[in-house]
1. Let me know the shape class of the stretch 114-169, please: from the alpha-carbon gyration tensor, a ≥ b ≥ c as square roots of the eigenvalues, rounded when a/c is under 1.5, otherwise prolate if a/b is greater than b/c, or oblate.
2. Among all the lysines, which ones have a C-alpha under 17 Å from LYS257's C-alpha, if same-chain residues fewer than 8 places away are not counted?
3. At a 1.4 Å probe, what is the % contribution of carbon and sulfur to the accessible area of the stretch 67-199?
4. So, with +1 on the Cβ of K and R and -1 on the Cβ of D and E, and no other charges, what is the size of the charge dipole of the stretch 201-298 about its Cα centre, to the nearest 20 debye?
5. Picking from ILE62, ILE308, ILE264, which is most flexible by a Gaussian network model of the chain using Cα springs under 10 Å?
6. For the stretch 224-322, taking Cα atoms only, what is the radius of gyration to one decimal and the Dmax to the nearest whole Å?
7. Express the Stokes-Einstein translational diffusion coefficient of the stretch 164-302 in µm² s⁻¹, to the nearest whole number, given a Kirkwood radius over alpha-carbon pairs, 37 °C and a viscosity of 0.692 mPa s.
8. Limiting things to C-alpha atoms, what are the Rg and the maximum Cα-Cα separation (Dmax) for the stretch 369-418, in angstroms?
Amino acid sequence: MKNRILAGAIALVSSVALGGCGFIPGSGSGDRTVTVWLMKDSVSPGFLDKFTRSYEEENPSIQLDFKIQEWSGIGPKVLSALEGDDAPDVIEVGNTQVAQYAESGGLRDLTLESMRDLGSEDWLPGLAQPGSINGVQYGIPWYAANRVVIYNKEIFEGAGIDTLPKTRDEWIAVTEKLNKAGNQGIYLAGQNWYVLAGFIWDEGGELADENGGDWQGALDTPEALAGMEFYQELQALGDGPTDADEEKPPQTDVFAKGDVAQIISTPGSAALIEQKNPELKGRLGYFPIPGKSSKAPGSVFTGGSDLIVPKKADERTAGIAVVKALASEKWQTELARGMSYVPNKPSLAHVIEGEEGTAAMAEGATRGRATPNSPQWARVEAENPIKPYMTAVLEGGDPAREAKAASERITALLAGSG
């Protein structure tokens, strides 16, 4: 979901963030109003004003009414809107939330528009896949963000490293070389489960598998265990806590102290680091998380937003037209350049050339994935048995035994029990 992965990316626009819940009405005098719910901090006021003016000029019969929503508590609010008689015409949702809303039966089928007008075959898989339920496209990918490696150029230079790693083996070798002279090779918290997910996917494993409509936890497969083994190897090349995630303490604060060579985060985290330690300005670099071979970067969790259209919306047709505009090449380009997001198609990556962090993110996004597309996945994240599993392994527990227990818990949660 966008609120989890984009915490760092939002820092880039926090100085111009939309303040609180409310609305930004269109300036047009159209006789039809399209109501759009957008999430707080997703776009800047400048982008929204530019889009509104352009759209209303091209569509004089339409007035846009943007209502800004908070991420906290948004799930029940959207479900209530889908069931009620006063639904907005377009809603921005986290990409991994689509399955939950589709299960309600309240979403418009946008498959035709996706294929005919929006080039759905070229979308980033990490955004497109969660928006598609049983072959029906309910969510239109809007923008994405994913983790990259942020590194301290000065520490790399001091260690004599002038070539960035392209493979896992090279990454481990480089990190071992960096993990000395009072520096941490990498700061990786023990419960950063999104990073673990990427390693599992690289090995051909899954967090959970679907079989005939039933979901089962899959952390105990050989592939998933291999992903955890690599996580353990990398995590040991620094002093990250084994029993906490990347927010306890905030890894950006740790990196800002100046003795950490690498962290794994969104490029927007650089702004937080530089705010904490201005001396690091200009010393930060970025590269995609390395894969098992140099042919492709490592798999990453893709967070971001999709746009959905409620069945009960008064202006369904006009709402779909707004969605198509927001997802078009023109406005994808504006959004990527203005907000440092990854566009919804790899073919648009050229629009962010020159932006080192965003370019690294876009390269990694080609290997983007999403969490299991189950309506019950939110239950798994709420309890999150993956985190204690990781801690148990990093503190010496038997990986197979701990993975089996965590998988069984995931299975129960996905079945709606427990």
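1. On the way: a/c = 3.92, a/b = 3.67, b/c = 1.07.
Prolate shape, in that a/c is at least 1.5 and a/b is the bigger ratio.
2. Partners found: LYS153, LYS180, LYS248, LYS276, LYS281.
3. On the way: 2250 of 4960 Å².
On the stretch 67-199, the fraction of accessible area on carbon and sulfur atoms equals 45 percent.
4. Working: 7 positive and 19 negative charges, 160 e Å.
In total the dipole reaches around 760 debye.
5. ILE62
6. For the stretch 224-322, the Cα radius of gyration and maximum Cα-Cα distance read 19.5, 56 Å.
7. On the way: Rh = 15.9 Å.
The estimated diffusion coefficient comes to 207 µm²/s.
8. 11.4, 34
The values are calculated or read from the model by the stated rules, or taken from the named source; none is laboratory data. Here the structure is a predicted model, which means the values were calculated and not measured. Cβ coordinates were reconstructed from backbone atoms using ideal geometry, including for glycine residues, and neighbour counts include every protein chain displayed. We work out accessible area using only protein heavy atoms, side chains counted, and drop any ligands, DNA or RNA first. Shrake-Rupley method; radii C 1.70, N 1.55, O 1.52, S 1.80 Å.
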